[in-house]
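Some notes on the structure that comes next.
The values are calculated or read from the model by the stated rules, or taken from the named source; none is laboratory data. Note that the structure is predicted; figures quoted are calculated from it, not measured. Cβ placement follows ideal geometry from the backbone for every residue including glycine, while neighbour counts extend to all protein chains displayed. Calculation scope for accessible area: heavy atoms of the full protein, side chains included, ligands and nucleic acids excluded. Shrake-Rupley method; radii C 1.70, N 1.55, O 1.52, S 1.80 Å.
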Amino acid sequence: MESPQKLKTGLNLPAGMNQTSLRLETFSSSFRGISSLSSPSKSTCSDRFIPCRSSSRLHAFDLQDKESTTTPVKEGGNEAYSRLLKCELFGSDFASSCVSPAGNQGSASSPMSPCTNMLRFKTDRSNSSPNSPFSPSILGNDNGMSSDSSPPPKPPRKVPKTPHKVLDAPSLQDDFYLNVVDWSSQNVLAVGLGTCVYLWTASNSKVTKLCDLGPNDSVCSVQWTREGSYISVGTSHGQVQVWDGTQCKRVRTMGGHQTRTGVLAWNSRILSSGSRDRNILQHDIRVQSDYVSKLVGHKSEVCGLKWSHDDRELASGGNDNQLLVWNNHSQQPILKLTEHTAAVKAITWSPHQSSLLASGGGTADRCIRFWNTTNGHQLNHIDTGSQVCNLAWSKNVNEIVSTHGYSQNQIMVWKYPSMAKVATLTGHSMRVLYLATSPDGQTIVTGAGDETLRFWNVFPSVKMQTPVKDTGLWSLGRTQIR
């Protein structure tokens, strides 16, 4: 038979502890306003609104029993009172986990032991999911905040590895010092084949024969004006001819060179020509004389010429391993750059930054070098592993394409200024000596001693910034340019 003390209180009290020593306060005054909202009765509430602890992760709040060093232990009943209070507040399962089989209080490592640090949050690593947006495995740290706020890196741009069109080009010369391929702003490709110059219209693949120099001469260089209406032709006899590209009519013939004219470069009004005679001539077709000035500085054949986009500076490269920079106000070079150890044919100016020049060296050098022409400092250089034949800077994106000869005959696309490789293209069986860019800046054409011209989609458009797709205007078939 149960004792009256147990029936009255509903608690099993240990010996030596009477009912008067155990007094559970009911906070009826604190919860009266809340209870009136949920029930019309005026009954007291005590712990009625304490949530169920069975589904709570109390171990996540680092609930630990710690022996108090400041509160003196009271005699008898205090320990039992604490256990009973825990049982009433947290449930019988919680109270049983707090007592070890030996009857001692649970250790500090018990995950279900409450203490004064009840609201000290601790990360629950056992239940953290990698799919959680706040998972440490995703963010890289435990506080839920990423230390690196930079966006994820963009995937590398995909460049088609094969040309979308191939043209046969019989008699395309395998000569490093010539420049016989150029693409006009009106979308017409000019190619020098032997003694003739042919025009290939990209929009309809129509081929037109511009001129034939005769059996005793040959084409050494071609260059369109920036407007794309007139084309200059350099010959093996040292002449420079100017032709109307639309009417296929010769406008002017200018002399001055003693031997072949291997490179030409237009600015807005001046045509510059470089020759094996080591001289650079400045031609102005508005005046009657063959040339208006002569630039002397190279000690061997001039094989590279490029005007800057603002027409202020002319860069020239020669077989003497020199890269010279000239301006409009002097007949002496303002810069002499001698770091290359082989012939400098490949030259290009940046369309994105003024006074930024890139140059490439031949077989013994193999390097692409970048220059600040304001002070003549070399900014960077990279060893490409093979002869650098041509360079072209994309106007759509800050990238450079280079063509190579010995020993890999490859085409490479680089991201500037990191010089990370975007793509490496192969297909030519001989060194890739010629390079030109389409007027929209998306397609390049390359020529080699294997007597083929190959068209590659390598750069994105200005607006879309995505790889260019074949529009179907050009078939994948292989045709002849003449």
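Observations
- Of all residues in region 345-366 being open to solvent by 10 Å² or more (accessible area, probe 1.4 Å) and hydrophobic (A, V, I, L, M, F, W, C), the one that is farthest from the chain's Cα centre (by Cα): 364
- From 427, 449, 441, residue being surrounded by fewer than 22 Cβ atoms within 10 Å (Cβ to Cβ), of a type in the set (Gly, Ala, Ser) and either within 30 Å of residue 334 (Cβ to Cβ) or touching a His at 6+ places or on another chain (Cβ under 8 Å) (or both): 441
- Test: residue 276 is more than 40 Å from the chain's Cα centre (by Cα), closer than 24 Å to residue 313 by Cα and open to solvent by 10 Å² or more (accessible area, probe 1.4 Å): yes
- The single condition from (1) outside any strand (DSSP E or B); (2) of a type in the set (S, T, N, Q); (3) open to solvent by less than 10 Å² (accessible area, probe 1.4 Å) that residue 396 fails is (3).
- Of residues in region 282-326 being hydroxyl-bearing (Ser, Thr, Tyr) and within 18 Å of residue 256 (Cβ to Cβ), the one surrounded by the fewest Cβ atoms within 10 Å (Cβ to Cβ): 289
- Only a single criterion out of (1) in a strand (DSSP E or B); (2) out of contact with any Leu (no Cβ under 8 Å at 6 or more places or on another chain) is not satisfied by residue 386, namely (1).
- For region 440-465, the set of residues classified as part of a strand (DSSP E or B), of a type outside the set (A, V, I, L, M) and closer than 17 Å to residue 393 by Cα consists of 443, 446, 455, 456, 457, listed by residue number.
- Flag if residue 418 is polar (S, T, N, Q), closer than 22 Å to residue 356 by Cβ and open to solvent by 30 Å² or more (accessible area, probe 1.4 Å): yes
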